[in-house]
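Chemist: Got a structure for you, written out below as structure tokens; questions coming shortly.
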Amino acid sequence: MESYVRTPLHDLTPVRIRGKRYAPGQKPTIHTQHNNAYTPSSYTTDQSNRPHLSRLEILPTELLHHIFRFCPNIYLPVASPTLGQILSDKAIKFHIVIQTLSNRQTLIDAVAEASGHTSIASLQSEVLNRKWLTFEFLRDALKEAAKLPRPDAFLDYANDGEPDEDSSLSAVDTEFDLISVTGADSPIARKPKKAKKSPLYQNLDLNQYTAVPVKLLHGPWTASKLSLLKLLFRAGGSIERVTSTDDEVASASLLEALKSSNRKVALALIPRPSYRSFNDLDNYTEPPHIGVTPDTSHFRAAVLEGGCDRKIVLKMLLLLPHVIDYEDRAVWKWIHDSISVGDEKGLWLKQTLGEASKAAKDPAAKMYLIAEHFEGGVSWQ
């Protein structure tokens, strides 16, 4: 007779397990369990996890555009993705450019106050740093701004240059006689006169302390980038020299351009020589530099490594206040070596250095030198 051994397992109290009971041989496989798993008809997010929209974000797009036109805070589009998507319209960006950078601005003080800027220069610099502000976009925006009437046109219309139409009595009599002979409906009498197109930079109204974005002061260089840089310099934009290293970046870019004989970049970074009337020499003041101030290292690189490009060298020599050593030994050694081999550039540079040295001491001599080269058809860009 076999002995029965009692194990601890028999002492356990049986517990009924709740759940679906299957008949023997009908236990579902893993594949069947996956198919019977619960699948919601639509995936919904918990209301507590959804971002709460502000009262401004839930406004209709048309109403938000209307509000932004009267109170254009330039930081509003970057406040939230929702506002950024609503205010990314091209017309809204045109409005920002026109009201902050063009000479048709009427809300510049309101824009500065709404954006928290204490100066117009800082506001304009902030707008110029926008990624979407390219040369093509600024050009199109300024063309749209030119179609708008100037806010102060009734005050300074006489200072805008020569009028497009001759309003003298003789011109009126001539036009009246032409209509009398040919008739009012004649194609000759009805032919409109072409209005003079003003340069693009004249449609900009930049503060003298508005800083050019540093992204325009270094490579890689493109045609659009150089066009925007020249346009901003021509309109009066400057390089920040006090609170940033933008001047050092631009100076290094100019030195690299001179060494590699990149004429377009060098001419874009060097400021344009000023030209004043000879009748006002007593009150002559040199305007602040709006480009890179070239020093002796730049001048030496332009002559020794850049091949002495006449336009670049002349543009550097006509700037004041000058920081170029006109008696630099390396430059004069290059001049003597060039003259000895019959190179005309050496003789030209020797003569030009003498004229520039005299012009640096006498504003009148400098102005005559600039006028001579202007009349000679020199293009500074």
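Chemist: What order, most packed first, do the peptides 291-302, 334-345 have when packing is the mean number of other Cβ atoms within 10 Å of each residue?
Modeler: Details: 291-302: 21.3, 334-345: 13.2.
Ranking the peptides 291-302, 334-345 by packing returns 291-302, 334-345.
Chemist: Considering only Cα-Cα distances, which of the following residue pairs are longer than 25 Å: Lys147/Lys311; Lys131/Lys311; Lys315/Lys350?
Modeler: Pairs exceeding 25 Å: Lys147/Lys311; Lys131/Lys311.
Chemist: Once you order the gyration tensor axes a ≥ b ≥ c over the Cα atoms, which shape class does region 61-154 get: rounded for a/c under 1.5, otherwise prolate or oblate by comparing a/b with b/c?
Modeler: Working: a/c = 1.42, a/b = 1.30, b/c = 1.09.
Cα axes put region 61-154 in the rounded bin.
Chemist: Quick one: Lys315, Lys333, Lys131, fewest Cβ neighbours within 10 Å first, how do they rank?
Modeler: Details: Lys315 23, Lys333 11, Lys131 6.
The most exposed by this proxy come first: Lys131, Lys333, Lys315.
Chemist: Among Leu76, Ala141, Leu63, pick out the residue whose Cα is farthest towards the positive end of the charge dipole of region 61-154, where Lys and Arg carry +1 and Asp and Glu carry -1 on C-beta, about the Cα centre.
Modeler: My answer, from the dipole projection, is Ala141.
Chemist: A follow-up question, please. Where the centroid of each part is defined by its Cα atoms, how far is region 214-255 from region 97-143 in Å?
Modeler: Distance between centres, Cα-based: 18 Å.
Chemist: Still on this structure: Grab the other residues whose beta carbon is less than 11 angstrom from that of Pro213, score K and R as +1, D and E as -1, and report the net.
Modeler: Net of charged neighbours comes to +1.
Each reported figure results from applying straightforward, stated rules to the coordinates on display, with no laboratory input. None of these values were measured; they are calculated from a predicted model. Here Cβ is always computed from backbone atoms with ideal geometry, including for glycine, and neighbour counts include all displayed protein chains.
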